[in-house]
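Asker: Supplied in structure tokens, the structure appears directly below.
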Amino acid sequence: AKRRRWRACRGFVLAVKPGHRRSGVAAHLCLDTLAAARQGGYRWGELGWTLSSNDPINRAIGRLGGTITKTYRLYTHPVRSS
């Protein structure tokens, strides 16, 4: 029987400690992951759980060709005291 091959992958965590931000570490992680995925035969991928306020990572995703397709919001309701 022919095995079905995965063609997509999902990344959900990318974190760099504050002392190493803006050093190119995140860019290298993204590029190395993208290269490994392509070498593994993946044709597309998605990233999840990036905050809309995280401008550096959102700009990097855009420069790598990514687009925003979904936006999730988390709302809080003030607790009323009785």
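The values are calculated or read from the model by the stated rules, or taken from the named source; none is laboratory data. Because the structure is a prediction, the values reported are computed rather than measured. Note: ideal-geometry Cβ built from the backbone for every residue, glycine included; neighbour counts use all protein chains shown. Just so you know, the surface numbers come from the protein's heavy atoms only, side chains and all, with ligands and any DNA or RNA stripped out. Shrake-Rupley method; radii C 1.70, N 1.55, O 1.52, S 1.80 Å.
Asker: Report, by residue number, each residue of the range 31-41 that is out of contact with any Gly (no Cβ under 9 Å at 6 or more places or on another chain) and closer than 24 Å to Y72 by Cβ.
Answerer: Result: no residue meets the conditions.
Asker: Filter the range 1-11 down to the residues that are among the charged types (D, E, K, R) and over 16 Å from the mean Cα position of the chain (by Cα), then identify the one that is surrounded by the most Cβ atoms within 10 Å (Cβ to Cβ).
Answerer: Filtering first and then ranking leaves R7.
Asker: Go through (1) in a loop (DSSP other than H, G, I, E, B); (2) under 23 Å from T71 (Cα atoms); (3) open to solvent by 100 Å² or more (accessible area, probe 1.4 Å) one by one and return the number of the condition L14 breaks.
Answerer: Of the numbered conditions (1) in a loop (DSSP other than H, G, I, E, B); (2) under 23 Å from T71 (Cα atoms); (3) open to solvent by 100 Å² or more (accessible area, probe 1.4 Å), the odd one out for L14 is (3).
Asker: A further question follows. Answer yes or no: is there a residue in the range 49-59 that is touching a helix residue (DSSP H, G or I) at 6+ places or on another chain (Cβ under 6 Å) and within 28 Å of L74 (Cα to Cα).
Answerer: Taking the range 49-59 as the starting set, the residues that turn out to be touching a helix residue (DSSP H, G or I) at 6+ places or on another chain (Cβ under 6 Å) are 50.
Okay, now just the ones that are also within 28 Å of L74 (Cα to Cα), so 50.
Scanning the range 49-59, I find at least one residue that is touching a helix residue (DSSP H, G or I) at 6+ places or on another chain (Cβ under 6 Å) and within 28 Å of L74 (Cα to Cα), so the answer is yes.
Asker: Return the pair list, or none, for Cβ contacts closer than 6 Å from residues in the range 34-56 that are more than 10 Å from A8 (Cα to Cα) to residues that are outside any helix (DSSP H, G or I) and open to solvent by 60 Å² or more (accessible area, probe 1.4 Å), at least 6 apart or on different chains.
Answerer: Every condition considered, the pairs that remain are G48/F12; W49/F12.
Asker: Right, another one. Working only within the range 24-48, note down all residues that are more than 15 Å from R63 (Cβ to Cβ) and of a type in the set (S, T, N, Q). Before the answer, list the steps.
Answerer: Let us first name the residues in the range 24-48 that are more than 15 Å from R63 (Cβ to Cβ), namely 25, 32, 35-46, 48.
Matches in the range 24-48: Q39 only.
Asker: Now for a different question. Considering only residues that are of a type in the set (K, R) and part of a loop (DSSP other than H, G, I, E, B), which ones fall in the range 42-70?
Answerer: At the first step, the residues of the range 42-70 found to be of a type in the set (K, R) are 43, 59, 63, 70.
Residues satisfying the conditions are R43, K70.
Asker: Sticking with this one: I'd like the full set of residues that are modelled with pLDDT of 85 or more, surrounded by fewer than 10 Cβ atoms within 10 Å (Cβ to Cβ) and of a type outside the set (S, T, Y), limited to the range 42-77.
Answerer: Matches in the range 42-77: W44, H77.
Asker: Would you pick out the residues in the range 17-41 that are open to solvent by 100 Å² or more (accessible area, probe 1.4 Å) and assigned to a loop (DSSP other than H, G, I, E, B)?
Answerer: The answer is K17, R21, R22.
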